[in-house]
Amino acid sequence: MMYSRNKASQYHAVRSHGQVADASPTRLVQIMFEHILSNLATAQGCMERIKNNLPWNEVVVKCKAMGKAVRLIGQLDATLDMENGGQIAANLHNLYLYMLGRLTTANATNDAQIVLEVSNLVRKIKSGWDGIVKDGR
């Protein structure tokens, strides 16, 4: 079983690398949102399974997924052009900071509802990026 998981993981890594290598800057942001949502879904599922009995493997997976999501949101925030982005960049910066704070709370309290809240916010932002990518900008 471990062998098949390792092969699947390798396939996923190669597939993801191919998507990134050929992606436009707007598509790269879209991919980051997709990865954030995937990691938040993983963390949320782990939180539901953890509840009060703290199975170690679920805690480890949850923390890794939350860490990845937090790093990706931080990277999105770091790439904002605050000088030229005007109010949109400022609003996104504030929203990213809010999401990072909420995810910190969710991770510490194992609160899947907070992860759902952040996932919904990410989906809203992502839908705007999906429109940009669709329009070819």
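Every number in this text was worked out from the coordinates using simple rules, so none of it is lab data. Everything quoted here is computed from the prediction, not taken from an experiment. Positions of Cβ are backbone-derived with ideal geometry, glycine not excepted, and every protein chain shown enters the neighbour counts.
Side notes on the structure shown:
- Extent along the principal axes, Cα only, for the stretch 33-106: 48, 19, 13 Å, with the longest axis given first.
- Around I50: net Lys/Arg minus Asp/Glu count, Cβ-Cβ under 14 Å: +1
- Fully extending the segment from T109 to I132 would add 4.7 nm, taking 0.36 nm per residue of separation and subtracting the current Cα-Cα distance.
- Highest average packing first - 86-94, 38-46, Cβ atoms within 10 Å: 38-46, 86-94
- Chain lengthening between A89 and W56 when straightened (0.36 nm per residue, less Cα-Cα): 8.0 nm
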